[in-house]
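Participant: Sharing a structure here in structure tokens format.
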Amino acid sequence: MEFILIFISAIFVNNIVLSQFLGICPFLGVSKKVSTALGMSAAVAFVLTLATIVTYLVQKSVLDPLGLQYLQTIAFILVIAALVQMVEIVMKKVSPALYQALGIFLPLITTNCAVLGVAILVIQKDYSLVESVVYAFSTAIGFGLALTVFAGLREQLELVNVPKGMKGVAITMVTAGLLSLAFMGFSGVDGGLKTVLGLD
């Protein structure tokens with residue numbers, strides 16, 4: 001039951017982009033087309049889940065036993081950078097079209113603070129490995145949902161006659177703010193879920 005709470009909370013209540021404001025660069029940069037947003041979401045989901053597993057194991061089997069917790073950020077960045085390189089190589093061979101579509105944004109996953117943020121958050125929340133994987137995957141779904149919805153809105157805005165002063169970055173920021181406000185409507189849902197699932 002606790003996994004259901006983690007799942008719903010990570011997607012809607014504590015959305016990594018719209019509530020915690022992590023991963024804003026790809027959110028604004030790769031959200032011009034839904035197709036590219038879906039590809040980026042899949043790449044981030046894979047990297048995020050895999051990075052969380054590997055960084056969790058590094059933390060519990062290397063950093064904690066040796067008392068090297070102060071190296072957490074550096075170690076996690078190195079692991080994430082290596083994983084992104086691996087994803088890039090695999091994607092180039094498996095799906096060249098998607099690799100071309102993502103272009104410069106695939107290496108940006110390395111500096112995507114959402115990936116590093118989730119890796120650190122699971123340690124701070126003291127989750128088990130299974131809970132960490134559920135949280136990471138749920139966060140990736142939440143990231144993908146926000147990115148895809150935002151991309152859909154931006155595609156629709158291309159068809160609308162936007163006032164001259166609001167074109168470009170201005171309307172993008174206003175739309176992102178409104179989407180964030182919409183997701184704020186889910187706040188408190190996790191408290192209700194705890195009551196329903198009997199986890200109080």
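Participant: With the condition being closer than 20 Å to Leu78 by Cβ, I'd like the helices (runs of 4 or more DSSP H) fully within segment 1-65 carrying at least 2 qualifying residues. Show your work before the answer.
Facilitator: On the way: elements: 2-8, 24-29, 34-58.
Hits in segment 1-65: 34-58.
Table: residues versus (1) aliphatic (A, V, I, L, M); (2) touching a residue at least 40 places away in the same chain (Cβ under 8 Å).
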site: Ile80; (1), (2): yes, no
site: Val84; (1), (2): yes, no
site: Glu88; (1), (2): no, no
site: Leu98; (1), (2): yes, yes
site: Leu121; (1), (2): yes, no
site: Lys125; (1), (2): no, no
site: Thr148; (1), (2): no, yes
site: Leu157; (1), (2): yes, no
site: Gly168; (1), (2): no, no
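Participant: Okay, moving on. Would you be able to tell me the number of residues in segment 1-36 that are within 12 Å of the chain's Cα centre (by Cα) and open to solvent by less than 50 Å² (accessible area, probe 1.4 Å)?
Facilitator: 11
Participant: Continuing with the same structure: Could you count how many residues in segment 161-173 are surrounded by 11 or more Cβ atoms within 10 Å (Cβ to Cβ) and under 15 Å from Ile24 (Cβ atoms)? Even if it seems obvious, please write down each step before you answer.
Facilitator: Here is the first cut: in segment 161-173, the residues surrounded by 11 or more Cβ atoms within 10 Å (Cβ to Cβ) are 162, 166-167, 170-173.
Next, only the ones that are under 15 Å from Ile24 (Cβ atoms) stay: 172-173.
The qualifying residues number 2.
Participant: For segment 37-60, enumerate the residues that are touching a Ser or Thr at 6+ places or on another chain (Cβ under 7 Å) and open to solvent by less than 10 Å² (accessible area, probe 1.4 Å).
Facilitator: Step one: list which residues in segment 37-60 are touching a Ser or Thr at 6+ places or on another chain (Cβ under 7 Å), which gives 37-38, 41, 48, 52, 56.
Residues satisfying the conditions are Ala37, Leu48, Thr52.
Participant: What number of residues within segment 70-89 satisfy the criterion of being modelled with pLDDT of 90 or more and not hydroxyl-bearing (Ser, Thr, Tyr)? Break it down stepwise before answering.
Facilitator: In the first step, residues of segment 70-89 are kept if they are modelled with pLDDT of 90 or more; the result is 70-78.
Imposing the further condition that a residue be not hydroxyl-bearing (Ser, Thr, Tyr) reduces the set to 71-72, 74-78.
Qualifying residue count, segment 70-89: 7.
The values are calculated or read from the model by the stated rules, or taken from the named source; none is laboratory data. Model, not experiment: these values are computed from the prediction. Note that we place each Cβ from the backbone using ideal geometry, even for glycine, and neighbour counts take in every protein chain shown. For the accessible areas, the whole protein counts, side chains as well, though only heavy atoms, and no ligand, DNA or RNA atoms are used. Shrake-Rupley method; radii C 1.70, N 1.55, O 1.52, S 1.80 Å.
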